Amino acid sequence: MRHRAGCSTLLERAKWDTMAAMAAVRGFVCEQLDDGDAVAILDESGQEKKGTATVGVKRQYVGCAGRVSNAINVVYCSFATRAGHALVGARPYLPREWATDPDRRARAGVPEEIVFATKPELGRQILADLHAEARLPGWVTGDEVYGRDPGLRAWLESDQVSTGYVLGISKSTRIALSPVTTARADSVLKTLIASDWVIDSCGAGSKGERRYAWAWVGTADPRRHLLIRRSLVANDKGVRELAFYLCFAPDGRPVTLRALIKVAGRRWPVEEDFQVGKDAFGLDHSQVRTYPALLRHLVLAMAALAVVAVTTAQARTHEDLAPLPIRPHQAPPADPGPIPLTVAEAKRLVNLLTRTWHSLEHHLRWHTWRRRHQARARWFHYRARLNRR
């Protein structure tokens, strides 16, 4: 009970500047991880709730549940580089019925300056914080929620910001192919021939290289492009899945198909941040109802994730793993070696500071075993993908 009371005081009544703390987290991550090739990733994640008192709660779609549920939603931004990634911004989503109800706002402690804003607008606010600090990366990516918003795209394209993007769009999005012709994104498929497709990887995943067929289509504006991704293997319904992206490259920045593919494939770090943030740092375990307390909980979870993510990036060594398989029936190596240190594994090592029921040697042996087991599983995943081709 004393621990719970202390947390309640910290979140509800203690005097500290929440947005300044978030800026400190943002600055720490950017300074420690920026390698000149960073990508800012926008996405939202939610938390299911009971009742109607928690700020922003309503029946709405939440990706973590994969369905419409009584929940809250939060828009996040992840700062991703080759070295590592972490969350650098968060804004709770306040539905319109909450934003326009004075009684609910008062009970939930919603500040006067917080008004209704769409999820893309919340994402723009986070990116604006990065831009004001001269930390906004050269590329921004996100899914259809953000790609379909003209306001966000216009802000990124403005002369003041001039930042490239690769944003997901729906297949029904109208694309200006010429000054006098517009068409649905999926209708462009009819104009493509076999030589228009390029097979390339958008990055390594847990089960191997994420290889797809890609097509790059010009538009009426030489700075904008339509990028189409098609799966190489049909799904259970016998259909090769498609994804569409609207891309923008500022004037004076040369862009290649490979560069756009690489940015499109950089959306996965925010999903990993959500998973690790929730499982290891309680990102979605808030037991508060007011807006200030929720935002403070998010900042504290982001700070813990940032410290461990940066520590992992700096401590990670790229041990020589066994060569990946190149034949479907290749024999496995005798010793695949350990996988590189992960944030989740680093968090387990931090936990050893408070665990005394087993010896340190016992825990470190399990640490080594897990990393070697994951390396072996990775090798077999790669070989299984070869068998499916």
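The values are calculated or read from the model by the stated rules, or taken from the named source; none is laboratory data. Source: prediction; values computed, not measured. Please note: Cβ atoms are built from the backbone with ideal geometry, for glycine as well, and neighbour counts cover all protein chains shown. Please note that ligands, DNA and RNA were not included when accessible areas were found on the heavy atoms of the full protein model with its side chains. Shrake-Rupley method; radii C 1.70, N 1.55, O 1.52, S 1.80 Å.
Residue by residue, here is whether (1) out of contact with any Asp or Glu (no Cβ under 9 Å at 6 or more places or on another chain); (2) surrounded by 14 or more Cβ atoms within 10 Å (Cβ to Cβ) holds:
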residue	(1), (2)
V166	yes, yes
I175	yes, yes
A194	yes, no
V198	yes, no
C202	no, yes
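Do the conditions hold for V270, that is, is it touching a residue at least 40 places away in the same chain (Cβ under 8 Å) and in a helix (DSSP H, G or I)?
When the stated conditions are applied, V270 passes them.
Of everything in the range 283-340, what is polar (S, T, N, Q) and either over 30 Å from Y93 (Cα atoms) or buried (at least 19 other Cβ atoms within 10 Å of the Cβ) (or both)? Give them in sequence order.
S286, T311, T312, Q314, T317, Q330
Which one is least open to solvent (accessible area, probe 1.4 Å) among residues in the range 177-192 that are in a strand (DSSP E or B) and more than 21 Å from E144 (Cβ to Cβ)?
S178
Please list, ordered by first then second residue, the pairs with beta carbon atoms under 7 Å, 6 or more apart or interchain, first in the range 337-348 and part of a loop (DSSP other than H, G, I, E, B), second of a type in the set (D, E).
G337/E319; G337/D320; P338/E319
Does the range 145-152 include one or more residues that are in contact (Cβ under 8 Å) with a residue 60 or more places away in the chain, touching a helix residue (DSSP H, G or I) at 6+ places or on another chain (Cβ under 8 Å) and open to solvent by 40 Å² or more (accessible area, probe 1.4 Å)?
no
Does G151 count as more than 18 Å from the chain's Cα centre (by Cα), closer than 15 Å to L42 by Cα and among the small types (G, A, S)?
So G151 passes the test.
Out of the residues in the range 227-245 meeting the condition of being free of Cβ contacts under 8 Å to residues at least 60 places away in the same chain, farther than 17 Å from W139 by Cβ and in a strand (DSSP E or B), tell me which one is least open to solvent (accessible area, probe 1.4 Å).
Applying the filter and picking the extreme gives I228.
Restricting the search to the range 251-282, which residues are farther than 23 Å from E209 by Cα and surrounded by fewer than 18 Cβ atoms within 10 Å (Cβ to Cβ)?
Across the range 251-282, the qualifying residues are D251, G252, R253, P254, K278, D279, G282.
Within the range 93-103, work out how many residues are assigned to a helix (DSSP H, G or I) and closer than 26 Å to M302 by Cβ.
2
Considering every residue within the range 305-320, establish whether at least one is part of a loop (DSSP other than H, G, I, E, B), under 28 Å from V25 (Cβ atoms) and touching a helix residue (DSSP H, G or I) at 6+ places or on another chain (Cβ under 7 Å).
no
Give just the number: which of (1) over 17 Å from L226 (Cα atoms); (2) among the hydrophobic types (A, V, I, L, M, F, W, C); (3) in contact with a Leu (Cβ under 6 Å, 6 or more places away or on another chain) does L167 not satisfy?
(1)
Do any strands (runs of 3 or more DSSP E) lying entirely in the range 1-92 carry at least 3 residues that are in contact with a helix residue (DSSP H, G or I) (Cβ under 6 Å, 6 or more places away or on another chain), and which ones are they?
Of the strands (runs of 3 or more DSSP E) lying wholly inside the range 1-92, those with at least 3 residues that are in contact with a helix residue (DSSP H, G or I) (Cβ under 6 Å, 6 or more places away or on another chain) span 39-48, 67-80, 85-92.
Output the number of the condition that F248 fails; it satisfies all remaining conditions of (1) open to solvent by 20 Å² or more (accessible area, probe 1.4 Å); (2) over 17 Å from the mean Cα position of the chain (by Cα).
(1) is the only condition that F248 fails.
Could you tell me which residue of the range 96-113 is farthest from C247 (Cα to Cα), considering only residues that are crowded, with 18+ Cβ neighbours inside 10 Å and out of contact with any Phe, Trp or Tyr (no Cβ under 6 Å at 6 or more places or on another chain)?
My answer is R105.
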